[in-house]
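Reviewing the structure listed below.
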Amino acid sequence: MRSPGRRPNHIILPCFVPGMCGLSQEAGSVEQISLHCAEGSLEWLYPTGALRLSLFPRLPTGSTRKEKPQRVTACIKSSSSFQGAQVYLERDGVLELLISEANVTLQPKVYCFSWMPKEKVALFLQSTLHRDISRRIAAFRYELRGDWNARLSWPSRNLSVEDAGTCRPCNNTEILMAVCTSDFVIRGNIRTVSNIVETQESIISVSATRIHRQKFALFQPVGKYGKSAGNIRTLLRCGVKPGPGSFLFTGWLHFGEAWLSCAPRYKDFRHIYEDARQAHENPCEVSLD
């Protein structure tokens, strides 16, 4: 057991890969760590010295299509009690401050950035000076993805993915692909839309009539009749408003929250799907009952 003056620098990396935990280092050193997981979290207990996290997400392989290389996107979200360090984005030898103790609030922001697969980027965590580090923990969640649709965007200061088309309606091809590849596909009705100016988000409250697919239990039964309901987020500037009719909501999970991709009216989706099926151009089968 170490003496109080030599408290260990402890890092926990529960990124769904066995064996990545329990690192210690001396003050003034830089610990080098590689992150290959698609998502996870980091807790740096009693920060001293520095950490350099190289980002190497596992990208999809085996595609035979001749496409331009996809940009890789990473997002980090600090805990509301983030203390003891500052987080920088390191790109081409230049450091850019992302998270500091001063800009952490009870509603932490999400910071996103992107790069081409051949580029090298890292997160650099530098401990801050404090007389007492015993109660300080620098913790954040992260997501590393190479397959995020370029139409998706989140209200983040550092997001460099092109998002000019985020609010435009999806075309037929995008709708069919979204139904086949999204984290959730929900048929339902809009109950309410709440706008949050502080985070520049709109929260769409949806009553589900059918759950075609959901990666996690985003929509769960509520009330005495057991009808499923849940929330889907989108950007405030998209101007979503409540309206009548049934929609097919599709989208992606982002730090455990559902974010909207394509949401055609269900009757329009039926026509699109039937036309594609007759032309043998459906990327997957969907039950339309």
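A short reminder: the numbers here are calculations on the coordinates, not readings from a lab. The structure presented is a predicted model; accordingly, all values stated were derived computationally and were not measured. Positions of Cβ are backbone-derived with ideal geometry, glycine not excepted, and every protein chain shown enters the neighbour counts.
A few notes on this one:
- Per-residue Cβ neighbour rank within 10 angstrom, fewest leading, TYR111, TYR88: TYR88, TYR111
- Placed amide H near SER261: partners under 5 Å, 5+ positions off or other chain: THR250, GLY251, TRP252
- Counting DSSP beta bridges with both ends in segment 172-278, the antiparallel % (nearest 5): 95
- Distance between modelled label sites at GLN278 and ALA217, nm, 7 Å Cα→Cβ extension: 4.2
- Taking 0.36 nm per residue of separation and subtracting the Cα-Cα distance, full extension of the segment from SER79 to THR173 would add 30.0 nm.
- Scalar couplings 3J(HN,Hα) for segment 216-222, obtained by applying the Karplus form with A = 6.51, B = -1.76, C = 1.60 to θ = phi - 60°, are 10, 6, 6, 10, 10, x, 9 Hz; x denotes Gly and Pro.
- Förster radius 22 Å - calculated FRET efficiency between THR209 and PHE255, Cβ distance, rounded to 0.05: 0.25
- Projecting label points 7 angstrom from Cα along Cα→Cβ for LYS118 and SER54 puts them 1.8 nm apart.
- Length-normalised contact order for segment 168-275 - Cα pairs under 8 Å, 6+ apart - percent: 30
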